[in-house]
Amino acid sequence: MSFGPPKGTNDLLAPESQAWRGALSVWDDWSSRFGYPLVSTPIFEATELFQRGVGQTSEVVTKQMYTFVDKGGRSVTLRPEGTAGVVRAFLNSGHQGAWKGAYSGPFFRYERPQKGRGRQFWQVGVEYLNVESPVADAEVIELGYRYLSALDVTGLELLVNSIGDPKCRPGYVDALRTYLEERRDLLGEDSVRLIEPNPLRVLDSKVDRPKLVDIPSIIDFLCEECAEHYASVRTMLETLEIPYTEDSSLVRGLDYYTRTAFEYVAQGLDASQNAVGGGGRYDGLAEAIGGSPTPGVGFALGLDRIVLARGGHPPSLLDAYLVSEIGPEAALAAASQLRSRGVRVEFDGQGRSVKAQFRTASRLEVPVILVYKGSDQLDVQTTEERVTLALDDVPAWLEARS
Ligand code: HAM
């Protein structure tokens, strides 16, 4: 074979894929508990949507987009993130009032690939639209936190900040620009280039940020409304008993954020890719893409990183493996009965020897082996016990065991 997957992409097969399935099913559970129905938008969109929505100074737009001209002469882009597309879909739907949507799927950024950073990666996320209240921010942050906690992500930490709004942020941006101008010599080329158009982004630089001390804090520049909003979010997080760290230099890499910004970090991962997710409020995004004013807040979590940060062993796909001493046809009929009653069971369809069937069962690491000897009796084997049961009684026995 002369082909591998394209650079920065991965094939995902069992057993690793089991860890993904597990994380996705926990996502379905938690996003449903918080009242989010599924929303699904196209994998490619008009390039302009991201330019206007995500912003012309964000690295995602300037450097990382997979953009091409299609056969109809339109410039389209593989979605680098989900928020702009979901807000577009909401605006197009004509829906009024509060609205929630949860998504899950592949996203694309032309980045230098490394562990936990791909050119195609998977995000799960939510957007909560048309609710200006800080209650929405707190509820959104809570969902991400509960989900990542349910997955036992190692060293989970929540960072929160407020980056103000178009009223108060310019004052801070000016102060920060002056501060950075005075320290030009300390900064790399990329950061120096950002001082004029977007000094906030310099705080995002993993290389230059550590060289800076006594950076002016955005918190000192927040207007009364933004400060109140931020205080309410923090109070609610405390009421919900969600531990968080305030990080006044957290700015996020996309241009659409206003007020609340947050990130979930997994301290177990390499520092350069330890953000397992992030989000915030984006009250100006809908207008930036030509819609009516629509406040919103949401997050996205990177599944590739979540799976890395969990470690551990993926759970088995199966409840049991059926070893047949009387051939594959009999096994097919028995498996059919078990499957119709909810048992996840596999058998060998090739008529291989009993010994070979046992080998497969052990490779699959199934918790229970069912040895089918004919008539209606099955030998049920686990590492701890052996019993003989009628086929009909197996589902209840498995259920009681789990
Ligand atoms: P983001 O911070 O750009 O936010 O991405 C969210 C998460 O996606 C990151 O924390 C990371 O775990 C994962 N991720 C991003 N790029 C890559 C990559 N190249 N390889 C692997 N994982 C990656 C957003 O995308 C916003 N749309 C989040 C949001 C929703 N804000 C409001 N609503």
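The values are calculated or read from the model by the stated rules, or taken from the named source; none is laboratory data. Remember, it's a predicted structure, so these values are computed and weren't measured experimentally. Counting neighbours? That spans all protein chains shown, and the Cβs are built from the backbone with ideal geometry, glycine included. What goes into the accessible areas is simple: the full protein's heavy atoms, side chains included, and nothing from ligands, DNA or RNA. Shrake-Rupley method; radii C 1.70, N 1.55, O 1.52, S 1.80 Å.
The table for this structure:
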quantity: Pair Asp270, Asp393: separation of 7 Å Cα→Cβ label points (nm); calculated: 5.5 nm
quantity: Segments 182-189, 326-333, 77-84 sorted - mean Cβ within 10 Å per residue, highest first; calculated: 77-84, 326-333, 182-189
quantity: The chain: angle of helix 224-239 to the longest principal axis, Cα-based, in degrees nearest 10; calculated: 30 degrees
quantity: The range 133-243, relative contact order in percent, only Cα pairs under 8 angstrom and at least six apart counted; calculated: 43 percent
quantity: Residue-level accessible surface for Asp214, protein heavy atoms, 1.4 Å, Å²; calculated: 140 Å²
quantity: Most to least accessible of Lys71, Lys211, Lys100, Lys115 (protein chains only, probe 1.4 Å); calculated: Lys71, Lys115, Lys211, Lys100
quantity: Heavy atoms of Leu91: accessible area, 1.4 Å probe, square angstrom to 10; calculated: 50 Å²
quantity: Calculated log₁₀ intensity ratio I(q)/I(0) where the Debye formula runs over C-alpha points of the range 185-282, q = 0.11, 0.18, 0.23 Å⁻¹; calculated: -0.39, -1.02, -1.44
quantity: Fraction of beta bridges assigned by DSSP in the range 73-188 that are antiparallel (%, nearest 5); calculated: 100 percent
quantity: For the range 80-228, accessible area per residue (1.4 Å probe, heavy atoms of protein chains only), Å²; calculated: 45 Å²
quantity: Rounded tilt (10° steps) of 169-181 against the dominant C-alpha axis of the chain; calculated: 80 degrees
quantity: Relative contact order [Cα under 8 Å, 6+ residues apart], the chain, whole percent; calculated: 17 percent
quantity: Radius of gyration and maximum dimension Dmax of the range 1-62, Cα, Å; calculated: 17.3, 47
quantity: Unmatched cysteines, the chain - criterion: no other Cβ of a Cys under 4.7 angstrom; calculated: Cys226
quantity: Charge dipole (debye, nearest 20) of the range 45-137; +1 at Cβ of Lys and Arg, -1 at Cβ of Asp and Glu; calculated: 440 debye
quantity: Helix-only mean residue ellipticity at 222 nm for the chain, each DSSP H run of n ≥ 4 adding -39500 (n - 2.57), per residue, nearest 500; calculated: -10000 deg cm²/dmol
quantity: Solvent exposure of the range 243-402 as accessible area per residue, Å², 1.4 Å probe; calculated: 46 Å²
quantity: Kirkwood-based Rg to Rh ratio, the chain, C-alpha trace; calculated: 1.08
quantity: Coordinate range along principal axes, alpha carbons of the range 343-402, Å, largest first; calculated: 29, 26, 19
quantity: For the range 65-114, projected area of the alpha-carbon convex hull averaged over all directions, nm²; calculated: 5.2 nm²
quantity: Kirkwood hydrodynamic radius of the range 264-382, Cα pairs, Å; calculated: 18.5 Å
quantity: 14 Å beta-carbon shell around Glu346, net charge (K/R +1, D/E -1); calculated: +2
quantity: Sulfur and carbon atoms: percent of accessible area, the range 156-287 [1.4 Å]; calculated: 49 percent
quantity: Value of relative contact order over the range 5-79, rounded to a whole percent, pairs C-alpha under 8 Å and six or more apart; calculated: 25 percent
